[in-house]
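*Asks:* There's a structure below that I have some questions on.
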Amino acid sequence: MTVIGTGYLGATHAICMAILGFEVLGVDVDQRKIDALTAGIVPFFEPGLDEKLREALDSGRLQFTTNFDRAAAFGDVHFICVGTPQAPDSHAADLRYVESAFTELAKRIDRKALLVGKSTVPIGTAERVTGLVQEISPLGAELELAWNPEFLREGFAVEDTLHPDRLVFGVSSEWAERQLRAAFRPILDAKTPVVVSDLATAELVKVAANSFLATKISFINAMAEVCETTGADVNLLATALSFDSRIGGRFLKPGLGFGGGCLPKDIRAFAHRAEELGVGQAVAFLHEVDGINNRRRVRTVDLIRELAGGDLQGKRIAALGAAFKPNSDDVRDAPALDVARMLYLEGAVVTVYDPEANENAHRLYPDLNYANSMIAAVIDADVVALLTEWQEFTDIDPENLGKLVRHRRVVDGRHALDADDYVAKGWEYRALGRPVASRTISFVMDARDEVDA
Ligand code: UGA
């Protein structure tokens, strides 16, 4: 099989497929990525992937190339894993990489093969691209297309690829289904549920899943807004809700909200596509989901300003975290960096530290200060802002941290710190949707212990 596009999704897919025993050729137009991967270096941070890459290369089953002729000749099944970023001038998905990958391959393929899209695309893309590739391929209608959406999370990419919750095969023939079943045999043998559908349903599953997750996060963050004006505590609320098995606690963590290269642009592209299809009203709530999420960033800046005494001009702020979530170096639409940027624009002296994402963050916002350790970032800070919940930040003893800062003031943008411990050690602690000096978390933990027992 070939895997076209070696970003987070494609590189992980190529590596894992080789680990599972297939002969895999990874393809990209970026020579630097291909050189790095060939040399056994993963060009981004993803826990556990380096070892898997080396294991796959050592097996002799994984190779990389920039040569599409070679790819077309090599593969029986071709996975397209290129990016679909937000278009520069609208909320639509930019499909130029998808179209180019499919057509570059299709015009070179001269024996029966299956093209499988894994990228997240607007509904109707697979059908449209089928027409496109069949028109230009020497194989004509013999060249088939399927859609197999990907649900991996950054930070858990290997686990999610080797042990997914489910597989979705969008196909238009039994032959295509057989090819996909063969390509995922080891995963299906592990009793992974599989849903076989038409192409449009497969495309929709992916955007619906990400929309649901985004909605769940924005739901609890909307409740946080209500808490802020009523004196209620969103953490207790989320915990109480989580015990209802119909609701569940996952993706119900309040705070600074969602970011990254997927959730924000996927819900926007979905709403845009639905409007094009005349069903915009059905997903109009996604605009609200996006709005709630963006307000979290502004409100976090408000909290930091409040704690800094009402004016950010000249105040030293330690911004802990830049990545859109822990265990990632991805800063695309990262809430943490957005907050740091807004603080800077109000005149604060912002020092950012992220265990893995400093370099990517610096490339995006070169005007911010970057520290190469947590200690360097917090020295003499007027306010410490926890923006991405890396374990390094949540593990630190507030007493030790307190010795480094100018003022013991912390804004916990991720509800990740032990608030009682901070308050006990003389810190002013603030978090969105949590009343000042609320001391109820320990009761929650007691309740959870009983439930677990
Ligand atoms: C997301 C989906 O979870 C994957 O299933 C999907 O395959 C992927 O997008 C994609 O479309 O490729 P990912 O972007 O890696 O994965 O990140 P998530 O773990 O979903 O987190 C997204 C954001 O939500 C992060 O900024 C995180 O901090 C935030 N979040 C998550 C919350 O604010 N609260 C929560 O309770 C959970």
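*Asks:* If I model the range 76-148 as equal point scatterers sitting on the Cα atoms and use the Debye formula, what is log10 I(q)/I(0) at q = 0.11, 0.15 Å⁻¹?
*Replies:* The Cα Debye sum returns log10 ratios of -0.25, -0.45.
*Asks:* Packing-wise, with mean Cβ within 10 Å as the measure, how do 381-393, 404-416 rank, highest first?
*Replies:* 381-393, 404-416
*Asks:* For the range 209-449, give the share of DSSP beta bridges that are antiparallel, in percent and rounded to the nearest 5; count only bridges with both residues there.
*Replies:* Details: 1 of 18 bridges.
Of those bridges, close to 5 percent are antiparallel.
*Asks:* Using θ = phi - 60° and the Karplus curve 6.51 cos²θ - 1.76 cosθ + 1.60, what whole-Hz ³J(HN,Hα) does each residue of the range 310-327 get, with Gly and Pro shown as x?
*Replies:* The phi angles translate into x, 9, 8, 3, x, 6, 8, 10, 8, 9, 8, x, 9, 5, 6, 6, x, 6 Hz.
*Asks:* I need the peptides 204-211, 142-149 ranked by packing, meaning the mean over residues of other C-beta atoms within 10 angstrom, with the highest value on top.
*Replies:* Most protected by this proxy first, the peptides run 142-149, 204-211.
*Asks:* Here's another thing I want to ask about it. Report, to the nearest 10°, how far helix 96-106 tilts away from the longest principal axis of the Cα atoms in the chain, using its own Cα long axis and a range of 0 to 90°.
*Replies:* Roughly 20 degrees, rounded to the nearest 10.
*Asks:* Lys265: which aspartates and glutamates have alpha carbons under 12 Å from its alpha carbon, excluding same-chain residues fewer than 8 sequence positions away?
*Replies:* Result set, ordered by chain and number: Asp94, Asp290, Asp333.
*Asks:* Express in nm, to one decimal, how much length is gained between Phe243 and Glu306 on full extension, taking 0.36 nm for each residue of separation and deducting their alpha carbon distance.
*Replies:* Stretched out fully, the Phe243 to Glu306 stretch lengthens by 19.3 nm.
*Asks:* Also: Starting from the Cα coordinates of the range 209-449, work out the convex hull volume and express it per residue in Å³. Numbers along the way, then the final one.
*Replies:* Numbers: hull volume 31.0 nm³, N = 241.
Convex hull of Cα atoms, per residue: 129 Å³.
*Asks:* Select from Leu303, Phe258, Leu132 the residue farthest towards the positive end of the dipole of the chain; place +1 on Cβ of Lys and Arg, -1 on Cβ of Asp and Glu, and compute about the Cα centre.
*Replies:* Leu132
*Asks:* Modelling each spin label as a point 7 Å along the Cα-to-Cβ direction, I'd like the Val298/Arg178 distance in nm, to one decimal.
*Replies:* 5.8 nm
*Asks:* Here's a follow-up. Assuming 0.36 nm per residue, please report the length gained on full extension of the stretch Thr66 to Ile41 beyond their Cα-Cα distance.
*Replies:* Difference between extended and current length: 7.3 nm.
*Asks:* State the Cα centre-to-centre distance between the range 11-28 and the range 167-208 in whole Å.
*Replies:* Rounded to whole Å, the Cα centres lie 18 Å apart.
*Asks:* Shifting gears a bit: Does anyone have the angle between helix 285-307 and the longest principal axis of the chain? Alpha-carbon axes, 0 to 90°, nearest 10?
*Replies:* 30 degrees
*Asks:* How far is it, in nm, from the label point at Phe151 to the one at Arg250 when both lie 7 Å from their Cα along the line to the Cβ?
*Replies:* For the pair Phe151/Arg250, the computed spacing is 0.8 nm.
*Asks:* Turning to a different aspect of this structure: Mind giving me the FRET efficiency for Leu277 and Asp165? R0 is 22 Å, r the Cβ-Cβ distance, nearest 0.05 is fine.
*Replies:* So, using R0 = 22 Å, E works out to roughly 0.20.
*Asks:* Right, next: Any chance you could give the angle, 0 to 90 degrees and rounded to 10, that helix 125-136 forms with the longest Cα principal axis of the chain?
*Replies:* It is inclined by approximately 30 degrees.
*Asks:* Any idea what the alpha-carbon Rg over 2.2 N^0.38 Å comes to for the chain?
*Replies:* 1.06
*Asks:* Would you kindly state how much longer the chain becomes between Ile379 and Thr230 on full extension, computed as 0.36 nm times their sequence separation minus their alpha carbon distance, in nm to one decimal?
*Replies:* Here the segment from Ile379 to Thr230 would lengthen by 50.1 nm.
*Asks:* Still on this structure, I have one more. Per 10 Å bin from zero, what fraction in whole % of the C-alpha pairs of the range 1-94 is there, up to the bin with the longest pair?
*Replies:* For the range 1-94, the binned pair fractions read 18, 49, 24, 8, 1 percent.
*Asks:* Go ahead and run the numbers for FRET between Asp397 and Ala141, Cβ-Cβ distance against an R0 of 51 Å, rounding to 0.05.
*Replies:* So, using R0 = 51 Å, E works out to roughly 0.15.
*Asks:* Still on this structure, please answer the following. I need to check one value: relative contact order of the chain, counting alpha carbon pairs closer than 8 Å and at least 6 residues apart, in percent. Before the final figure, lay out the partial values.
*Replies:* Working: 896 pairs, mean separation 51.5, N = 453.
Relative contact order comes out at 11 percent.
*Asks:* Express as a percent, rounded to the nearest 5, the fraction of DSSP beta bridges in the chain (both residues included) that run antiparallel.
*Replies:* Values: 3 of 42 bridges.
Of the beta bridges lying entirely in the chain, close to 5 percent run antiparallel.
Since every read-out is calculated from the coordinates, none of them should be taken as a lab result. Only a predicted model underlies this, so the values are computations on that prediction, with no experimental measurement involved. Cβ: placed from backbone, ideal geometry, glycine included. Neighbour counts: every protein chain shown.
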